[in-house]
1. Using a simple spin-label model with points 7 Å from Cα along the Cα→Cβ vector, what separation in nm is obtained for residue 30 and residue 8?
2. If you add up the charges near residue 34, with Lys and Arg at +1 and Asp and Glu at -1, over every other residue whose beta carbon is less than 14 angstrom from its beta carbon, what do you get?
Amino acid sequence: MTPDPALIEEEFLRASGPGGQNVNKLETAVQLRFRAAEAGYAERIWLRLRTLAGRRMTKDGVLVI
C-alpha cells in the first residue's frame, strides 16, 4: 500500500555540526515527516511501524526522519 503523498512533508534546515564556511548560511539537511496515523494501515501493520519507529514517532503518530 503506497501512502498518499499529501501525508508526507519535507522541511529543509541547517544541519548541526561542522560544515566549513557554509555551516550557518545554507539549509543542508532535510527532515521528512510522515503522518502515519492518517495512512489507514491495518492494526497489525500500524503496531509494527510504531515498534520499529521507536522515538522517531511522535505521540500523534507522525514519523520523523
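1. About 0.9 nm, to one decimal.
2. Details: positive: 33, 35, 50, 56; negative: 4, 9, 10, 11, 38, 60.
Around residue 34, the surrounding residues sum to -2.
Read-outs: derived from the displayed coordinates by stated rules, not from any lab. What you see is a predicted model; the values in this text were computed from it and never measured. Because the Cβ atoms are built from the backbone with ideal geometry, glycine has one as well, and the counts that use them run over all protein chains shown.
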